[in-house]
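See structure below.
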Amino acid sequence: MKNFEVNAVGPYMLARKLTPLIKVSQRKLIVAISSTAGSIEGADASYGGFPAYRASKAALNIITRTYGDHVKKDGIISVMFFPGVVKTDLGGPDAPLETADSVVSMIKTISTLNAENNGCFIDYEGKTVPW
């Protein structure tokens, strides 16, 4: 339950609460930080276990996608975003990306998002992630 509270329910409640402010903001954007572990198409044995984490990220993806459909009438773009495998507690010390490199790439990619990206699952470099 904790995985779902943190990774799916919390971001959804935050997006809903902030929607009035997003509607009047200059950059109308909701970015949910997801993971390729939440990709159903990409689900295979190479990820090992973590079923609750993976299911919670898949839930985040569908929540973000469907909420994005709801708010697009207000000009809001809603995307799922994979920051890459980053050297964090989750990614571990052998992860290929430094935190700063991931953040710089994410900011650059986020700055290019437009209405065509609504409902998309993309990575830090702007590449489409399989659902």
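The values are calculated or read from the model by the stated rules, or taken from the named source; none is laboratory data. If you're wondering where the values come from, they're calculated on a predicted model, not measured in any experiment. Backbone-built Cβ (ideal geometry, glycine too); neighbour counts: all protein chains shown.
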Result of the Cβ filter at 7 Å on segment 1-21, keeping first residues that are in contact (Cβ under 8 Å) with a residue 40 or more places away in the chain and surrounded by 17 or more Cβ atoms within 10 Å (Cβ to Cβ) and partners that are in a helix (DSSP H, G or I) and of a type in the set (Lys, Arg), at least 6 apart or interchain, is Asn7/Lys57
Note to self: Residue under question is Val86, and the condition is that it be in contact with a helix residue (DSSP H, G or I) (Cβ under 9 Å, 6 or more places away or on another chain), β-branched (Val, Ile, Thr) and farther than 17 Å from Pro130 by Cα; does it hold?
What the structure shows: yes
Of those in segment 78-131 that are of a type in the set (D, E, K, R), more than 21 Å from Ala8 (Cα to Cα) and surrounded by fewer than 11 Cβ atoms within 10 Å (Cβ to Cβ), the residue nearest to the chain's Cα centre (by Cα) is Lys127
Note on Ser35: of the conditions (1) modelled with pLDDT of 95 or more; (2) surrounded by 13 or more Cβ atoms within 10 Å (Cβ to Cβ), unmet is (1)
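Restricting attention to segment 81-98, does a residue exist that is out of contact with any Lys or Arg (no Cβ under 7 Å at 6 or more places or on another chain) and assigned to a helix (DSSP H, G or I)?
Looking for residues that are out of contact with any Lys or Arg (no Cβ under 7 Å at 6 or more places or on another chain) and assigned to a helix (DSSP H, G or I), one finds none in segment 81-98, hence no.
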Does at least one position in segment 26-37 carry a residue that is within 15 Å of Val129 (Cβ to Cβ) and assigned to a helix (DSSP H, G or I)?
yes
Within segment 91-122, the count of residues that are touching a Ser or Thr at 6+ places or on another chain (Cβ under 9 Å), closer than 21 Å to Tyr67 by Cα and either among the hydroxyl-bearing types (Ser, Thr, Tyr) or touching a residue at least 60 places away in the same chain (Cβ under 8 Å) (or both) comes to 1
Got at least one residue in segment 44-64 being part of a loop (DSSP other than H, G, I, E, B), polar (S, T, N, Q), exposed (fewer than 15 other Cβ atoms within 10 Å of the Cβ) and at pLDDT below 95?
-> no
